[in-house]
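Nothing in this text is a laboratory measurement; each read-out follows from the coordinates by a stated rule. Bear in mind that the values here come from a model prediction, so they are computed numbers and not experimental data. A quick note on method: Cβ atoms are made from the backbone with ideal geometry, for glycine too, and the neighbour counts reach across all protein chains shown.
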Amino acid sequence: MTRRTSLTARLTLLFAAASSAVLLALGLVIGSAMERHFEEQDVDALRGKLELIAHAIDHLRVADTGMPLPQALEQAFVGHHEMAILILDADRQTVFSAGDARFPATAPITASATRTLTPFVWSQDDTQYRALAMRLNDPARAGQQLIVAVALDIAHHTRFMTAFSRTLWLFMLGAACISGLLGWFAARRGLASLKVLAGQTATVTAKKLDLRLAEDQVPTELSELVRSLNDMLARLEDAFQRLSDFSSDLAHELRTPISNLMTQTQVALSRPRTAEDYRDILASNAEELDRMARMVADMLYLAKADNGLVIPDRQAVDLGHEVDALFEFYDALAEEKSVALARQGSATVAGDSLMLRRALSNLLSNAVRHAHPGSTVRVGLAERRAAVVIEVENQGDTLDADTLACFFERFYRADPSRHHTSEGAGLGLAITRSIIIAHRGGIRVTSIEGVTRFEITLPRT
């Protein structure tokens, strides 16, 4: 199992690494700038010495004093002990040399051949030298040139840069440690809000799902996280409440038929009975068992729908034909209720014919049962540009907004007096909504002045 690194440690290391990188880059820039500065100083000094030598040679040529060049240069450079001078003639023979520096064999010759004065550096024992070389006309031999090289001891520069580098690295090491400590402190303070959130969420239980995290007590960067957690808690609270209500409703719905079965069975077993009596009791029990079987089947269907397992089989469905078939099935019930059935319009939609027939059957059954005698249950079909609209309306009692808001909930009945009747378990409209949602459609219900209307919108393709 791999060991996980804490966020505080990661931020601390990142902060220390970033600070060290910045300090390193700054130190390299400063070091490079100082190196260039020392080099420019040395080159300026060397150029001045070369100009002095050139002036001395030119003066010797113009004055024509007959003084040898070495003697003239010795007089010109009296007191310049820090300098090292090398002068070669055209035959690469040493004309004059001064100082302790031993010039590299070919470096002055190569450097003097360039048009620009380019310094060259070499090490001798524990000392470093920087030198410049140029060509001058030989006053003693017309048409010939001298190679003149001057060098400076730059050991003091080297010692300074070595000490500076050592100090820089020590400073960077100390700065990295201090930056790490500061980064750790800043990360701890910055992540303290996460610990507060962890403590608050730890108090969330099944009995305290109404808890919400305080968004104004966290930094701006965590506000979105807090909002997401609060939304999640709200969804969990709603789902848990719906699950609790569903469990209670399901237990209540199953308790009645089970109680009826137990009572009738106990009564039947209390004394001997005729075959006809047993047949009647079994028939009554069969009705209760059938109701329980339908309830379990409906609940299984809804459970599949809630988890996206109900996938409609897409095919062209003639909704007018389906409605007419349902009218024939409900004709006897409508005649018993003194209710007329009417269809207006026609439409074709891509969907599952069995699922859509079940949805329409639930709506039509509900409309016929709650319609006033002598009224008409109307089913309207219409095709629009990208959708098909189905309307199922009946004339009955006007329902209030609270009732309409609960219409599609499981086990809900608008009339409590029908709660223990055999008309159903209150799952029909919930199943209808699941079927419509599975077809990527929508359903809504309105009740105005005694007219209750269900409106379904389905995509045509």
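Before moving on, here are some points about what is shown:
- The packing ranking, built from the mean of other Cβ atoms within 10 Å per residue, places the peptides 12-21, 256-265 in the order 12-21, 256-265, highest first.
- I109, I456 arranged by Cβ crowding within 10 Å, fewest neighbours leading: I109, I456
- Cβ-defined net charge surrounding E322, 14 Å radius [Lys, Arg +1; Asp, Glu -1]: -1
- Interatomic Cα distance distribution for region 177-307, bins of 10 angstrom, percent: 10, 22, 17, 15, 12, 10, 7, 4, 2, 1
- Semi-axis lengths, largest first, of the ellipsoid equivalent to region 149-254 are 66, 12, 11 Å, with √(5λ) applied to each eigenvalue of the Cα gyration tensor.
- F408 long-range amide H proximity, modeled H, under 5 Å: none
- Alpha carbon convex hull of the chain, projected area averaged over orientations, nm²: 48.3
- For the chain, a crude dipole built from +1 on the beta carbon of Lys and Arg and -1 on the beta carbon of Asp and Glu, taken about the Cα centre, is about 720 debye to the nearest 20.
- Computed E for A105/T8 - FRET, C-beta separation, R0 60 angstrom, nearest 0.05: 0.45
- Acute angle (nearest 10 degrees) that the helix 192-202 long axis makes with the longest principal axis of the chain, alpha-carbon atoms: 20
- Anchor K337: aspartates and glutamates whose Cα lies under 18 Å away (excluding residues fewer than 8 positions away in-chain): E328, E393, D397, D415, E423
- Cα centroid separation, region 320-378 to region 147-162 (Å): 107
- Residue among A107, V323, P119 farthest towards the positive dipole end of the chain, charges placed on Cβ: A107
- Degrees, to the nearest 10: 428-438 long Cα axis against longest axis of the chain: 30
- Semi-axes of the equivalent ellipsoid for region 315-459, computed as √(5λ) from the eigenvalues of its C-alpha gyration tensor and ordered from largest down, come to 23, 18, 15 Å.
- Between the residues I456, F164, A45, the greatest Cα displacement towards the positive end of the dipole of the chain, with unit charges on the Cβ of Lys, Arg, Asp and Glu, is found for F164.
- Cα long-axis angle, helix 7-63 against the chain (0 to 90 degrees, to the nearest 10): 20
- When you restrict to C-alpha pairs under 8 Å that are six or more residues apart and normalise by the size of the chain, the relative contact order lands at 10 percent.
- Between A340 and D400, the distance separating the two model label sites (each 7 Å from Cα on the Cα→Cβ line) works out to 3.4 nm.
- Residues Y301, Y278, sorted so that the one with the fewest Cβ neighbours within 10 Å comes first: Y278, Y301
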